[in-house]
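Here's the structure we're looking at; comments come further down.
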């Protein structure tokens, strides 16, 4: 071990810091309550306590009695104790089950600490210091113990690891683990309730991004499935906690909207750009094209080709965002299936069957709320989870709960259905379930909370990805009215979810007419002037203008002025949508609109800037607007007597 120079501090300060370190290490006694590394931790903790006695007595001595060699050794002891404290901290905050699979490396870490401690104590000038004989004997004994240290994996840790592997093997074979064996393992690990199991699951999931092989990732996922199953079977569903709603149209998910595929609503693993300029996950858009579609799912635009261009910039952004938050993100195609293994699938299936069985017993509201919350959380991520829950028969049991008088149960039920609806195969099961359509619309229109309403809107968005369901939602006046009302009076997140659902339904001309009757154009123009949901409002205006609503948009007072302001000061995506809306309005809204556009001060500069720095779609739309403006000006030059209805507006910078 290399001896480093002591830090620039006084002997007294150094000893005080050593005492603080040993006190912090002593607070790690909880490591002695359960595996792994219970015995190694206990051994080195006793040694740390002995060292604290040495530091205490040295602190009582006059500083001049401490030779330089003692100060140098104390400095090295400080480094060793800091390393020990870090090791204890790692063990305390890492998954217990995962650590059992790394017992050898942890045992080596403890062995190296013992070896380094023995080296420092061997050169410590103990005999030259006026210390008590008892203390000197204890320190010499400590040095002897450290020198005899060997890497130790205690047999009890190995046995516990074997029991866990046996439980996983049972699950993999489709056999439910014996309850008494499961309880014994959980008891040894001090998983005493739903909360401690939840902490273990969270720690296991935090480890997934750190794995470099599919084998280790699969092991962790299997452990997650085992602990989740044991939590439900031994302690029942956990007490629901309020979950934050971050992002738009994603309900339980927390990824930024730009990172999620508009088709699957899942985090994009391989984002690609289609001919319309929209980005989708490669797997989702490939399935869309493979089913015979030739349009952009989001805009409804007929695509000239089905080429897919990798969006590497977005993929890097998603990867960096996930890495900063320890969220799994598979960047290599061969890893896509790494987290799916038979043991994990079987554990999820058994957990789903257990929870659905409990829900089928018609429990009281509080118990039902815990069960549905557990299903909601289980369906939050992963196609396998969503499939298992649906196959267990959860959907027909969740639908009646949409009409619950209990606000928490209602929001958990609608959110669970939303999470399930993300899986394509579940959409039909939900829509064909007796009472699901009316129940969903009931929550959308008169849900007990804003969260319930916005998650109902997100469910409408998810289900309407299928054309026949999109037509069905669009034909129902209750859907149209509820979504417009949500935009009018809902909070920002609710308005965004409502706009997303409206945008998806606006691909049908008849549906657009119903939205126009509800005053959606005026409402969207008002929202476009606000920051919170401006991009969503503008996207909807562009979609409506292209699907039969251009005349209504053109007839709205101040539409050109407001859209031109967005072209000047809006976000990149907002400018794109505003330009698209202006093109449709200019083409379908009559010469008066074109005259107002052409005569708007500063328009030429705005269009040139947009063609130079806008998105691909924005540049194309700006070029189209420029061509229409030039044709209008040429017409006026050829025949100055031509007059158009005056709609000239002043564009304020």
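Where a number appears in this text, it was derived from the coordinates with a stated rule and is not lab data. No experiment lies behind these values; they were computed from the predicted model shown. All Cβ positions, even for glycine, are placed from backbone atoms using ideal geometry, and neighbour counts span all protein chains on display.
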Going by Cα centres, the stretch 509-556 and the stretch 364-397 are how many Å apart?
37
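So for the chain, what percent of the C-alpha to C-alpha distances run longer than 45 Å? Let's see the in-between values first.
Working: 84783 of 212878 pairs.
Pairs farther apart than 45 Å: 40 percent.
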Hey, rough spin-label estimate for residue 145 and residue 104, points 7 angstrom out along Cα→Cβ, what's it come to in nanometres?
2.8
Gyration tensor (Cα only) of the stretch 449-497 to equivalent ellipsoid, semi-axes in Å sorted down, yields 19, 12, 7
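What number, in percent, do you get for the relative contact order of the stretch 491-576 if the mean sequence gap of Cα pairs under 8 Å and at least 6 apart is divided by its residue count? Could you put the intermediate results ahead of the total?
Numbers: 72 pairs, mean separation 26.6, N = 86.
Taking the mean separation of contacting Cα pairs over the length of the stretch 491-576, I get 31 percent.
I need 633, 540, 268 ordered by Cβ neighbour count within 10 Å, fewest first. It would help to have the intermediate numbers written out before the result.
Working: 633 12, 540 31, 268 25.
So the ranking, lowest neighbour count to highest, is 633, 268, 540.
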Based on the Cβ-Cβ distance from residue 294 to residue 190, what FRET efficiency comes out when R0 is 51 Å, to the nearest 0.05?
0.30
Between 0 and 90°, nearest 10: helix 11-26 axis offset from the chain longest Cα axis:
70
State, to one decimal in nm, how far the label point of residue 123 lies from the label point of residue 176, with both points 7 Å from Cα in the Cβ direction.
6.3
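Under the 0.36 nm per residue contour assumption, what length would be gained going from the current alpha-carbon distance of residue 112 and residue 92 to full extension?
Length difference between fully extended and current span is 5.3 nm.
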Tell me the label-point distance for the pair residue 448, residue 137, using the 7 Å Cα-to-Cβ offset, in nm and rounded to one decimal.
7.1
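By how many nm would the segment from residue 571 to residue 162 lengthen if fully extended, with 0.36 nm per residue of separation less the alpha-carbon distance? Please report the intermediate quantities before stating the final value.
On the way: separation 409, 0.36 × 409 = 147.24 nm, distance 5.69 nm.
Extending this stretch completely gives an extra 141.5 nm.
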A chain fully extended from residue 532 to residue 302 at 0.36 nm per residue, minus the present Cα-Cα distance, gains in nm 79.8 nm
The chain: angle of helix 179-188 to the longest principal axis, Cα-based, in degrees nearest 10
60
When the label point is put 7 Å from the Cα of residue 488 along its Cα-to-beta-carbon vector, which residues of the stretch 518-555 have a backbone N closer than 11 Å?
518-520, 523
Between 0 and 90 degrees, rounded to the nearest ten: what's the tilt of helix 103-123 against the longest Cα principal axis of the chain?
50
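Pairs of Cα atoms under 8 Å, at least six residues apart: use those to get the relative contact order of the stretch 444-518, whole percent.
Numbers: 89 pairs, mean separation 27.1, N = 75.
It rounds to 36 percent for the stretch 444-518.
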Roughly how many whole Å is it from the C-alpha centroid of the stretch 149-208 to that of the stretch 585-623?
64
